[in-house]
Amino acid sequence: MKFIFPQNYRFHTKLFGMLDYPTAFFNFIWWCIIFIITKIFLVDLLTKIIIFIITCFPIFLISLFGFQQENILYVLYYLFIFLKSHKIYLYKKS
């Protein structure tokens, strides 16, 4: 069976067919940071689990379903640029 791909088709390798590798790597690093922080500062296991779910699950969902499969690192970069120079985008002509 042969597949014919158009020349303008952009093929991206993805982890499990859903996440691109930089986003999966970013999620893994974020999970490790939150795990280390909760391991150092918190004692109760239930509190650790709740903090881990509250901080990691929304970012995972945004990276999985949000922004039309855009890389989350690019999205964070664009948000940072917007927050740094929001007056440029909200300028009103007189």
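Checking Lys87, Lys93 one by one, the residue that is among the charged types (D, E, K, R), in a helix (DSSP H, G or I) and either under 10 Å from the mean Cα position of the chain (by Cα) or modelled with pLDDT under 85 (or both) is Lys87 and no other.
Assess whether Val75 counts as being at pLDDT below 90, of a type in the set (Val, Ile, Thr) and loosely packed, with under 12 Cβ neighbours inside 10 Å.
Against the criterion (at pLDDT below 90, of a type in the set (Val, Ile, Thr) and loosely packed, with under 12 Cβ neighbours inside 10 Å), Val75 does not qualify.
Is it the case that Ile51 is in contact with a helix residue (DSSP H, G or I) (Cβ under 6 Å, 6 or more places away or on another chain), β-branched (Val, Ile, Thr), open to solvent by 50 Å² or more (accessible area, probe 1.4 Å) and modelled with pLDDT of 90 or more? Spelling it out, Ile51 is indeed in contact with a helix residue (DSSP H, G or I) (Cβ under 6 Å, 6 or more places away or on another chain), β-branched (Val, Ile, Thr), open to solvent by 50 Å² or more (accessible area, probe 1.4 Å) and modelled with pLDDT of 90 or more.
Restricting attention to the stretch 1-48, the residues that are over 21 Å from Gly66 (Cα atoms) and open to solvent by less than 100 Å² (accessible area, probe 1.4 Å) total 11. Of the residues screened, Lys48 is one that is more than 26 Å from Leu79 (Cα to Cα), in a helix (DSSP H, G or I) and of a type in the set (D, E, K, R).
The values are calculated or read from the model by the stated rules, or taken from the named source; none is laboratory data. Everything quoted here is computed from the prediction, not taken from an experiment. Backbone-built Cβ (ideal geometry, glycine too); neighbour counts: all protein chains shown. Surface accessibility is based on the protein's heavy atoms, side chains included, excluding ligands, DNA and RNA. Shrake-Rupley method; radii C 1.70, N 1.55, O 1.52, S 1.80 Å.
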